[in-house]
Protein chains: 2
Amino acid sequence: MKNDRILLDHGSGGRASQQLVSDLILRYFTNTSLAQLEDSTEIYVDWYRLTFSTDSYVVDPIFFPGGNIGDLAINGTVNDIAMRGAIPKFLSVGFILEEGLLIADFEKILVSMAMAARKANVQVVTGDTKVVPRGAADKIFINTSGIGVLLDGRKISGHNALPGDSIIISGTIADHGVTVLTQREGLEFSGSFASDSQALNHLVEAMIAVCPDIHSLRDPTRGGLATTLNEIAEQSNVGIQLHEDAIPINQDVRAACELLGLDPLYLANEGKLVACVPAEHTKKVLAAMYNRPEGKHACVIGNVVADDPGKVWLVTAIGGSRLVDMLAGEPLPRIC
Amino acid sequence: MKNDRILLDHGSGGRASQQLVSDLILRYFTNTSLAQLEDSTEIYVDWYRLTFSTDSYVVDPIFFPGGNIGDLAINGTVNDIAMRGAIPKFLSVGFILEEGLLIADFEKILVSMAMAARKANVQVVTGDTKVVPRGAADKIFINTSGIGVLLDGRKISGHNALPGDSIIISGTIADHGVTVLTQREGLEFSGSFASDSQALNHLVEAMIAVCPDIHSLRDPTRGGLATTLNEIAEQSNVGIQLHEDAIPINQDVRAACELLGLDPLYLANEGKLVACVPAEHTKKVLAAMYNRPEGKHACVIGNVVADDPGKVWLVTAIGGSRLVDMLAGEPLPRIC
């Protein structure tokens, strides 16, 4: 480690996070499951294939247009499980509450969690609540862990992208990141946008139904689309070519990014997925996605190539091309 | 809810915690698994029986004699799974780190976690790390969730205690609570004590090997032995009689409690279990416990009775008896 203290960067989801995990944490926890570095881990109980995932949510503010920390915590862990092609079944919920939190706010969060769990068809089966004195935490942190069932034959992974694959995004990018940032800073924009927080497991099932051979699925959360695609490029040892023109961005989100000097490629999404799909199946996967509200703006944004393994290139609107690296700094702490 | 804000009491593990869960949280998450209110929940994946458990650790200070927040987080969740008679297999770990935490401290915690996981024979298979700005959390919080395998025929539960059962404790009480409190307050005592943080799953297996018909197992953590026995009395609808003289307490712990005006019955343990065992099997269970370091001070401290269901009575050293209620206030926030 280059530093002697934890920095905000270490929680960015980008390069520094990756280094903290690989240079420090993995030194002490060595097993093939953890070393996969997937959104959720495949485990075997006897011959039964399950996936197991965990995420803590520390978003600030806790309420924002389009959602709150509660539904975010349900949807985020549901999505991590779904990105392996597993069917999310059971969630645990761990609350860390700050003394003085309004019960009414906590109740609003619980209501959103219950609704999100119902929509995603998962059960919250076990929980824990801790309270810390005023000032020892900021309002509320939530951990959700989840168990999913992995049906026979499914082997979707960030390690499985192949040259020739189409890269599909399920909708517009950067909505969540821009929404949380502008809320936190109290910025007023004439445009309107909201977090895209939503569960993607039903969308994934619809995609797998028409194409059991999807290679990779990831939800581009912390670190944004750029970081997620870099992870796939590294894990699968392939190159990725993106077409800037093809990447869907809400007009108002784009305007806000320009004003704030932020690159939407690095902003978090909480209800979007990226899929690497064999080219010959692209059309039917897109057709299946259009049939669901979570996928109605799905489109192809690039393709997997054999050249430049581990790298992501963006072909710009004016025809040039530039290397898109993993997120390096931390523009947005506590985004999720 | 009587209050409009979250109080420290709500995290005590005692009466107020129970009310927060039953009056607020369970209103929104209704399913038979969660409503069991056990340390870990039984879930079915097809016909496969698993247990699932979660706990967040917020102990202050993060280092204390006998352990730190890291091994506590491993042992605590291992124990919650073991208390159902399940075999703990897989853990997730979610870190919430405060910006500025010393990497050296984080590494010490990781080392302890790895050692604790090895001792308990569990694998950390998935994880998550969030960083929040300085002041938004206190150094480090850890969530661990765990999956255990429940062998056929095992049905140990806080609901299954029966009149006639012996109540066994695996060793001295209040060690963890007194250690953390005196450390935090910077109190100097001439005596010596340390946290009892340890995994109990191997002890549980040794007990089940000689007595498959153990009725209830619980680890008396937050809220202490008094609160745990009240939970068993309520859930099993039985009375409990304790013998004050029989409850093992380290001399120095007892002296510290007297000086500080604390009742050891309400102080947390992090490496002890309480068992309700059919009277005829008591001797062989104790013999099996003596054979393991975690159980070498095991003893019978009382018995389950049919009278006064839901109540716990303590027969005092001088022959009187007093009602021992669940923890009502919060003498010790952030004990685990």
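The values are calculated or read from the model by the stated rules, or taken from the named source; none is laboratory data. What you are looking at is a predicted structure, and each value in this text was computed from that prediction instead of being measured. Glycine gets a Cβ as well: all are built from the backbone with ideal geometry, and neighbour counts include every protein chain shown. The protein model used for the area step is the full one, side chains on, heavy atoms only, and it has no ligands, DNA or RNA in it. Shrake-Rupley method; radii C 1.70, N 1.55, O 1.52, S 1.80 Å.
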Report the antiparallel proportion of the DSSP beta bridges in chain B as a percent, rounded to a multiple of 5.
75
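Normalised by the residues of segment A:166-323, what does the relative contact order come to in percent, with Cα pairs under 8 Å and at least six apart?
Normalised by residue count, the contact order of segment A:166-323 is 43 percent.
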List the lysines whose Cα sits under 16 Å from the Cα of B:LYS108, skipping any in the same chain fewer than 8 residues away.
B:LYS139
Given label points at 7 Å from Cα along Cα→Cβ, what nm distances, shortest first, separate A:PHE63 from the same residue in every other copy?
4.2
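Dipole of chain B, Cα-centred, from +1 at each Lys and Arg C-beta and -1 at each Asp and Glu C-beta, to the nearest 20 debye? List each step's numbers first, then the result.
On the way: 27 positive and 40 negative charges, 101 e Å.
Here the size comes out at about 480 debye.
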Using a 7 Å Cα-to-Cβ projection, A:GLN251 label spacings across copies, nm, ascending:
8.3
Mean separation of Cα contacts under 8 Å (6+ apart) over length of segment A:1-129, as relative contact order %:
20
To the nearest 20 Debye, how big is the dipole of the protein assembly as shown about its Cα centre, given +1 on the beta carbon of each Lys and Arg and -1 on that of each Asp and Glu?
800
Could you order peptides B:196-204, A:12-20, B:60-68 by the average number of other Cβ atoms within 10 Å of their residues, highest first?
B:196-204, A:12-20, B:60-68
Where is the GNM fluctuation largest for chain B (alpha-carbon springs, 10 angstrom cutoff): B:ARG118, B:ARG49, B:ARG27?
B:ARG27
Between the modelled labels at B:LYS2 and A:GLU258 (7 Å from Cα along Cα→Cβ) the distance in nm is 5.9
Over the protein assembly as shown, with the other protein chains present, what is the accessible area per residue in square angstrom, probe 1.4 angstrom?
36
Between chains B and A, the summed loss of accessible surface on complex formation, probed at 1.4 Å and reported to the nearest 100 square angstrom, is 6800
Roughly how many Å² of B:ILE301 are accessible to a 1.4 Å probe, to the nearest 10?
0
Carbon-plus-sulfur fraction of the accessible area of the protein assembly as shown, 1.4 Å probe, in percent?
51
Along the charge dipole of the protein assembly as shown, Cβ charges K/R +1 and D/E -1, which of A:ASN3, B:CYS276, A:THR126 sits furthest on the positive end?
B:CYS276
Under 23 Å from the Cα of A:LYS272, which lysines turn up, not counting those fewer than eight places away in the same chain?
A:LYS89, A:LYS119, A:LYS155, A:LYS283, A:LYS284, A:LYS296, A:LYS311, B:LYS130
Measuring from a point 7 Å out along Cα→Cβ, what nm distances, shortest first, does A:ASP4 have to its partners in the other copies?
4.8
Tell me, which residues of segment A:115-129 get at least 50 Å² less accessible area when the other protein chains come in, versus the chain alone (1.4 Å probe)?
A:VAL124, A:VAL125, A:THR126, A:ASP128, A:THR129
With a/c under 1.5 counting as rounded, go ahead and sort the protein assembly as shown into rounded, prolate or oblate using the C-alpha gyration tensor (a ≥ b ≥ c being the square roots of the eigenvalues; past the cut-off, prolate if a/b is larger than b/c, else oblate).
prolate
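Normalised by the residues of chain A, what does the relative contact order come to in percent, with Cα pairs under 8 Å and at least six apart?
24 percent.
Taking R0 as 60 Å, what's the FRET efficiency between A:ASP307 and B:ILE318 from their Cβ-Cβ distance, rounded to 0.05?
It comes out at approximately 0.10.
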Using θ = phi - 60° and the Karplus form 6.51 cos²θ - 1.76 cosθ + 1.60, what ³J(HN,Hα) does each residue of segment B:133-140 get, whole Hz, x for Gly and Pro?
x, 2, x, 8, 8, 9, 6, 7
The alpha-carbon center of segment B:181-227 and that of segment A:209-249 are separated, in whole Å, by 48
Pairwise FRET efficiency - B:ARG184 versus A:ALA246, Cβ, R0 = 51 Å, nearest 0.05:
0.35
What whole number of Å gives the distance from the Cα centroid of segment A:36-65 to the Cα centroid of segment B:124-140?
15
Note on segment B:287-336: alpha-carbon gyration tensor, axes a ≥ b ≥ c; rule is a/c under 1.5 for rounded, else prolate if a/b larger than b/c, else oblate; result oblate
Keeping all protein chains in the complex and leaving out DNA, RNA and ligands, what accessible area do you get for B:ARG322 with a 1.4 Å probe, in Å² to the nearest 10?
90
Estimated FRET transfer efficiency when R0 is 45 angstrom, pair B:SER22-A:ALA287 (beta carbons, to 0.05)
0.40
Delta accessible area of at least 30 Å² on complex formation, residues of segment A:25-40, 1.4 Å probe, chain isolated as reference:
A:ILE25, A:TYR28, A:PHE29, A:ASN31, A:LEU34
Considering amide H positions built from the backbone, and no H for Pro or chain starts, which residues 5 or more places from B:LYS89, or on another chain, come under 5 Å of its amide H?
B:ILE147, B:GLY148, B:VAL149
Take every residue in peptide A:310-320, count the Cβ atoms of other chains within 10 Å of its Cβ, and give the average of those counts.
0
Do any residues of segment A:53-80 show a loss of at least 30 square angstrom of accessible area between the isolated chain and the full protein assembly, using a 1.4 Å probe, and if so which?
A:THR54, A:SER56, A:VAL58
Note on segment A:166-323: alpha-carbon gyration tensor, axes a ≥ b ≥ c; rule is a/c under 1.5 for rounded, else prolate if a/b larger than b/c, else oblate; result oblate
Please list A:THR316, B:THR32 in order of solvent-accessible area, largest first, computed with a 1.4 Å probe with all protein chains present.
B:THR32, A:THR316
